[in-house]
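Presented below is the structure to which this report refers.
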Amino acid sequence: MKKLLFSLAAMTAMTTASAQKMLVLYYSETGTTKTVAEELQQQLGADIEAVEAVEPYTGNFQETIQRGQREMQNGMPAIKPLKSDIKKYDVVFLGYPIWFGTYANPIATLVKEQDFAGKKVVPFCTFGSGGLNTSADALTKALPKADIQKGYGVRTARVAAAAKELDRFLKENGYKKGTIEKLPEYSAQQPVGDAEKVLFDAACSSYQFPLGTPQTFGKRQTSDGTDYKFTVKGRGMNGEESTSTIYVTVGKAEGAKPEFTEVVR
């Protein structure tokens with residue numbers, strides 16, 4: 001009986017998901033977030049639209065930082081009117097690159113100008129190290145009448161992995177039909193040894209900013225390889241000591257190199 005009820009519930013959830021009208025709405029400066037947005041659109045069969053700044057950004061890292069800082073002090077950028085009517089959609093997948101630890105400035109303008117009340121909003125983002133959690137928290141504050149859902153994020157350096165990861169994410173959260181492998185829990189945290197320190201350094205040392213020193217780790221085995229969850233001590237942007245969680249994965253293929261997938265601060 002329990003199996004029957006579970007099957008009926010699963011079928012109902014999938015039917016509901018397939019009946020929902022979905023929009024992929026995103027801002028992309030360099031094309032990385034666009035790549036993820038188009039993959040989402042393809043897997044969902046959803047409508048899609050790009051958010052565009054009236055005055056486009058150059059794509060130059062330093063110029064974007066300087067302009068972004070000015071906008072944060074003097075006012076966010078103007079964006080072009082949307083062609084899509086958000087009121088017609090049940091679920092909006094809202095995509096952006098991470099700037100200054102949160103969603104990019106054009107999205108800040110978007111959430112002020114558009115009405116997302118009553119909509120399920122699914123954040124997705126691209127980043128250098130992390131920012132999904134902080135940007136989702138910011139969206140929750142900016143859109144109190146929307147239903148902010150669990151989101152998806154991927155490092156720019158790993159955007160090639162997005163297609164497979166999105167397939168899992170969409171099935172796991174009921175936006176797409178299909179079954180997935182249930183991932184095991186991470187093992188309990190234990191002190192980092194020499195082998196884990198070497199692995200952590202191989203995954204993180206090439207990143208442009210220091211990520212800190214690993215203190216403890218847990219791990220899990222999956223069909224794709226081994227995942228690690230490190231607790232790391234470092235210093236935040238304010239110079240004060242901070243603790244973060246850094247996730248690292250190592251594929252099963254021979255010679256696979258460790259990759260860090262996300263920093264959660």
Remind me, relative contact order of the chain in percent, using alpha carbon pairs under 8 angstrom and six or more residues apart? 14 percent
Over the Cα atoms of the chain, compute the convex hull volume and normalise it per residue, giving Å³. 151 Å³
Given points 7 Å out from each Cα along the Cα-Cβ axis, report the residue 188 to residue 115 separation in nanometres with one decimal. 5.4 nm
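How high is the relative contact order of segment 13-127, in percent, counting Cα pairs under 8 Å that sit 6 or more residues apart?
Normalised by residue count, the contact order of segment 13-127 is 32 percent.
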Placing +1 on each Lys and Arg Cβ and -1 on each Asp and Glu Cβ in segment 16-55, then taking the dipole about the Cα centre, the residue among 43, 24, 54 whose Cα reaches farthest towards the positive end is 43
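Evaluate the charge dipole of segment 12-111 about its Cα centre and quote only its size in Debye, nearest 20, assuming +1 on the Cβ of each Lys and Arg and -1 on the Cβ of each Asp and Glu.
Using only the charged Cβ atoms, the result is roughly 200 debye.
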By the mean-Cβ-within-10 Å protection proxy, highest first, 134-146, 179-191, 24-36 rank as 24-36, 134-146, 179-191
Please list 238-244, 85-91, 115-121 highest first by mean number of surrounding beta-carbon atoms within 10 Å per residue. 115-121, 85-91, 238-244
Mind checking the dipole of the chain: about its Cα centre, +1 per Lys or Arg Cβ, -1 per Asp or Glu Cβ, Debye to the nearest 20? 740 debye
Per-residue counts of other Cβ atoms within 10 Å, averaged by peptide: what ranking do you get for 42-49, 253-260, highest first? 42-49, 253-260
Could you run the Karplus curve 6.51 cos²θ - 1.76 cosθ + 1.60 with θ = phi - 60° over segment 76-86 and give me ³J(HN,Hα) per residue in whole Hz, x for Gly and Pro? 6, x, 6, 10, 6, x, 6, 7, 7, 9, 4
Between residue 261 and residues 5 or more places away or on another chain, the pairs with built amide H atoms under 5 Å apart involve 247, 248, 249
Going 7 Å from the Cα of residue 164 toward and past its Cβ, which residues in segment 239-256 have a backbone nitrogen under 19 Å from where you end up? 247-256
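Using helices alone, I'd like the mean residue ellipticity at 222 nm for the chain: each DSSP H run of four-plus residues gives -39500 (n - 2.57), total over residue count, nearest 500.
The helix contribution divided over the chain gives -10500 deg cm²/dmol.
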Tell me which DSSP H helices of the chain clear both cut-offs, 24 Å or more of axial length from alpha-carbon atoms and a mean Kyte-Doolittle hydropathy of at least 0.5. 2-19
Based on alpha-carbon centroids, what's the gap between segment 23-45 and segment 66-131 in Å, whole number please? 13 Å
Rounded to the nearest 20 Debye, what is the dipole magnitude of segment 135-265 about its Cα centre when Lys and Arg each give +1 and Asp and Glu each give -1 at the C-beta? 400 debye
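Any read-out appearing in this document is the output of simple, stated calculations on the displayed coordinates, not a laboratory observation. Note that the structure is predicted; figures quoted are calculated from it, not measured. Here the Cβ is made from the backbone with ideal geometry for all residues, glycine too, and neighbour counts use every protein chain on show.
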